[in-house]
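Quick notes on the structure that follows.
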Amino acid sequence: MMISLLSTAGADTVTMVGTATGTNLAGSYTDSLGDAGTWAASATGSLDGNYDGTFNSTPNPMPIAPTILIALTQDASFHLSGTATILNSLCISSLTLSGQAIGEAFSLTDAANKAHIIALPTGNTFTFSYSFAPTATSCAEDFGRGVLTNVTHGATECVARW
């Protein structure tokens, strides 16, 4: 695997070699700037589960933040699908979601409602940003932030160490 990174020292190409054993990966790396070492990664769960939280619009915040309830399933290829029920929103009440798990983070889209969610792990919760396209039928051009908690089995973890 070749990974090219830009750094203050210029372009850096990292070469990683490793093996997979079950759900664990391990190996060594070298880069074009002379660094070398070992790396390891392990997956310890999926994003399957039920999440709940709150969010609010940045341009049009509501006095009482809307609640979001998400049910997700993840397949062996890290694809996500699910639904979201939204309470106390003036412009949307549900979403049909598809997306991708990216390590501990995930990206979700509702193509019909032109909505996009990107969630990042923060300890036992996920912080997320959302946006609706300018051409969305409901919530057009709205965007904001929120927090989710996995109420099924807590936040999942995927650890990579360099």
So, Ile117, is that one of a type outside the set (Phe, Trp, Tyr), in a loop (DSSP other than H, G, I, E, B) and modelled with pLDDT of 95 or more or not? no
May I ask you to list pairs of residues, at least six apart or on different chains, whose Cβ atoms are under 7 Å apart, with the first in the stretch 80-107 being in the same structural domain as Ala140 (by TED's automatic domain parsing) and the second being of a type in the set (Phe, Trp, Tyr)? Leu80/Phe106; Gly99/Phe106; Gln100/Phe78; Gln100/Phe106; Ala101/Phe78
Within the group Phe132, Phe143, Phe126, which residue is closer than 30 Å to Ala26 by Cα, modelled with pLDDT of 95 or more and not aliphatic (A, V, I, L, M)? Phe126
Can you find even one residue in the stretch 67-84 that is modelled with pLDDT of 95 or more, under 30 Å from Ala26 (Cα atoms), in contact with a Gly (Cβ under 7 Å, 6 or more places away or on another chain) and β-branched (Val, Ile, Thr)? yes
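If you go through the stretch 111-135 one residue at a time, how many are over 18 Å from Pro66 (Cα atoms) and either among the aliphatic types (A, V, I, L, M) or buried (at least 17 other Cβ atoms within 10 Å of the Cβ) (or both)?
Qualifying residue count, the stretch 111-135: 6.
Output the residues belonging to the stretch 70-79 that are over 18 Å from Phe132 (Cα atoms), aliphatic (A, V, I, L, M) and either outside any loop (DSSP other than H, G, I, E, B) or not assigned by TED's automatic domain parsing to the domain that holds Ile118 (or both). Show your work before the answer.
Narrowing the stretch 70-79 to residues over 18 Å from Phe132 (Cα atoms): 71-79.
This time we only want the ones that are aliphatic (A, V, I, L, M), so: 71-72, 76.
Selection gives Ala71, Leu72.
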Of the residues Ser89, Ser107, only one is surrounded by 15 or more Cβ atoms within 10 Å (Cβ to Cβ), of a type in the set (Gly, Ala, Ser), in contact with a Gly (Cβ under 7 Å, 6 or more places away or on another chain) and within 21 Å of Ala136 (Cβ to Cβ); which? Ser107
Exactly one of these conditions fails for Ser131: (1) touching a Phe, Trp or Tyr at 6+ places or on another chain (Cβ under 9 Å); (2) under 18 Å from Asp52 (Cβ atoms); (3) not hydrophobic (A, V, I, L, M, F, W, C). Give me its number. (2)
Condition first: in a loop (DSSP other than H, G, I, E, B) and either in contact with a Lys or Arg (Cβ under 9 Å, 6 or more places away or on another chain) or surrounded by 12 or more Cβ atoms within 10 Å (Cβ to Cβ) (or both). Now tell me which residues in the stretch 11-69 satisfy that. Ser32, Leu33, Gly45, Ser46, Leu47, Asp48, Thr58, Asn60, Met62, Ala65, Pro66
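The values are calculated or read from the model by the stated rules, or taken from the named source; none is laboratory data. For clarity, every value in this text was computed on a predicted model and none was experimentally measured. Here the Cβ is made from the backbone with ideal geometry for all residues, glycine too, and neighbour counts use every protein chain on show.
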